[in-house]
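The values are calculated or read from the model by the stated rules, or taken from the named source; none is laboratory data. Every value quoted in this text rests on a predicted model; they were computed, and no experiment measured them. Quick reminder, even Gly has a Cβ in these numbers, built from the backbone with ideal geometry, and neighbours come from all protein chains shown.
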Amino acid sequence: MSGRRVAAITRRLLQQFHRDRRTLALLFGAPLIILGLLGYLLRGGGDVPVMGVVNLDAGPLGAAIASQLERTKTVSASTMSEAAAESKLRSGDLAGYVLLQSDFSARAQQSRVISPQIHLEGSQPGLSQTIVQAVNESFAALVGQAGGVRFAPQVMFVYGGPSFDTLDYFGAAFIGLVVFFLVFVITIVAFLRERGQGTLERLMASPLRRGEIVLGYMLGFTVLALVQAVEVLAFCLLVLHVHNAGNVGLIFVLEGLMAIAAVNLGIFLSMFARTEFQAVQFIPLVILPQVLLSGIIFPISTEPGPLTVLSRALPLTYAVEGMRNIMIKGADLSWSSLQLDFGVVLGFCVLVIIAGILTLRRRIA
Amino acid sequence: MAGETYAVEVDRVVKRFGSLRALDGATLRIRRGEVYGLLGPNGAGKTTLIRALVGLVVPDGGTVTVLGRPARNLDVLARVGYMTQQAALYPDLSAEENVAFFAAIHGAHHGVREALEFVELWDRRGSVVSSLSGGMRTRCSLACVLAHKPDLLLLDEPTVGVDPLLRVQLWNRFQRMAADGTSILVSSHVMDEAERCDRLGLIRFGRLLAEGTVPELKGKAGVDRLEDAFLKLSEAGAE
């Protein structure tokens, strides 16, 4: 083994990187951006789950528990009427509420069992868990004082249910994400390959219109993407048994829209990369921040304020929300929230198609 | 468009890339049905000029007319065959699939077999391009611009890396096509190839230094060899 020859390879590699400023920026900049974002998400003082306390108890125990919950820092609890709590729960303004019945204190004294009703919105297991835990802790403090009292809450869900688990929650989002991500990567690399092998120049010197090139690409990849979407959906529903309360056709349409958006985003972004190597660099820059901010992992309602604004500007947020609306809540197109989700994803598709067509020419020069 | 005298008219075309003037007032005319050789060293502006003819390069000044219409006209491009310097093909498609694709985007539904037979690749039509030799790829690339039977062929250094036998075959084919009425522009920096052209344009520094038949150019320079004529006319043009 020759140290000189090895050193020659090492030196050549560093020289190449020295000239590729973009790769260097990605290598040293992207980790800071991604980790910074993650840090801000987790420690940025985001909002805690919002819950209601409906205290109908005539006795002293209800008031004590309500006051205990309002002091808790893990949730943001406030007292309200049962009608208001139910309405806010349905609209998604509350992650849950606890109902203390009129005979709550009396039953606790007689049967030595505390059984409040916990109503959960249920579509986000993380938030539900925090609320149950907060209620549990506030009761534990009181049970500790009373001694010998058993805590047996009745938990009710608007969406999902006791068997609704983390996979059900993430599965709905991932069905769309997997298709979006893979189709994006394949398109951007294929389009760059078209340029690298010189065939794009031939296409541009032919009577093809720019729109025809983009549309042809879009249809070709969309066919593949839709087959992939069927496969992903079937696997999730039939093999993994991911919870689905909605219309399978609607899920497929939303998946299809995401695939079309991914194809055209790939075509558009290929303009900003010169090589397939540079194209792959778009993954951490474009995909990862969207994964962190689109509500797939961290609910947008609990994000720090400024990040919420950013999340609301990302199309993937609406796609993920749409998937969860359909699969977890059983939403159909009569729901205004789902109309918004479809509208934004569709609008994004149109936007990237136009951007792809308009910028195609610059890629040859 | 039978009334067109010239297949290509380039008039005082200027194209700058930053501080570099790739085309610096280039002017030339290609008659219908002739093989016109664009002769010049590497970096002379040959490829930029050809790309301007198909609208891939937008000139900063001057005019480009192709088959009687301004360049980058889609109807005109349907009648043009542009063979790039690199054999730009889809490596994972067969030779026949490549030719059929380029024919289709030019609006042709027939002519694939004829084009592949013309370049003697019909027997290898089912082979994927990545398995073909360099010379075969060049021939396949040529077939891709022939299937739609263009009125104007633009061939950017089509014989680079091609063995001498194949080169002779290709030139015989170009001349047969020209005899059938196709106008052909071939760029090259190989002098012996240039001798096969009906007329030549000597290009350097983005300018046409001289234009004419081989005997005319030799006569203009007062030398017997085309290579010497090119050197002499280049020196005169640089002054």
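Within this structure, B:V186 passes the test of being in the same structural domain as B:L231 (by TED's automatic domain parsing) and modelled with pLDDT of 85 or more. Take the conditions (1) surrounded by 18 or more Cβ atoms within 10 Å (Cβ to Cβ); (2) of a type in the set (D, E); (3) assigned to a helix (DSSP H, G or I); A:E70 misses just one of them, which is (1). Return yes or no: is A:L316 within 14 Å of chain B (Cβ to nearest Cβ) and of a type outside the set (D, E)? No.
Among the conditions (1) within 11 Å of another protein chain (Cβ to nearest Cβ); (2) part of a helix (DSSP H, G or I); (3) of a type in the set (A, V, I, L, M); (4) without any contact (Cβ under 8 Å) to a residue 60 or more places away in the chain, the only one that B:I50 does not satisfy is (4).
The set of residues from the stretch B:78-102 being within 12 Å of chain A (Cβ to nearest Cβ) and in contact with a Gly (Cβ under 7 Å, 6 or more places away or on another chain) comprises B:A78, B:T84, B:Q86, B:A88. Of the residues A:E321, A:E303, which is of a type in the set (D, E), within 14 Å of the chain's Cα centre (by Cα) and under 30 Å from A:F191 (Cβ atoms)? None of the other options fit; the residue is A:E321. In the stretch B:103-131, the residue that is farthest from B:A7 (Cα to Cα) out of those that are within 14 Å of chain A (Cβ to nearest Cβ) and either assigned to a loop (DSSP other than H, G, I, E, B) or among the β-branched types (V, I, T) (or both) is B:V128.
Among the residues of the stretch B:24-31, some residue qualifies, meaning at least one is within 24 Å of B:L142 (Cβ to Cβ), touching a strand residue (DSSP E or B) at 6+ places or on another chain (Cβ under 7 Å), assigned by TED's automatic domain parsing to the domain that holds B:L231 and surrounded by 24 or more Cβ atoms within 10 Å (Cβ to Cβ). In this structure, A:I131 qualifies as of a type in the set (A, V, I, L, M, F, W, C), outside any loop (DSSP other than H, G, I, E, B) and farther than 22 Å from A:G246 by Cα. Scanning the stretch A:201-209 for any residue that is surrounded by 16 or more Cβ atoms within 10 Å (Cβ to Cβ), of a type in the set (A, V, I, L, M, F, W, C) and more than 14 Å from every other protein chain (Cβ to nearest Cβ) turns up nothing. Only a single item in (1) surrounded by 24 or more Cβ atoms within 10 Å (Cβ to Cβ); (2) not in a strand (DSSP E or B) is not met by B:G43, and it is number (1).
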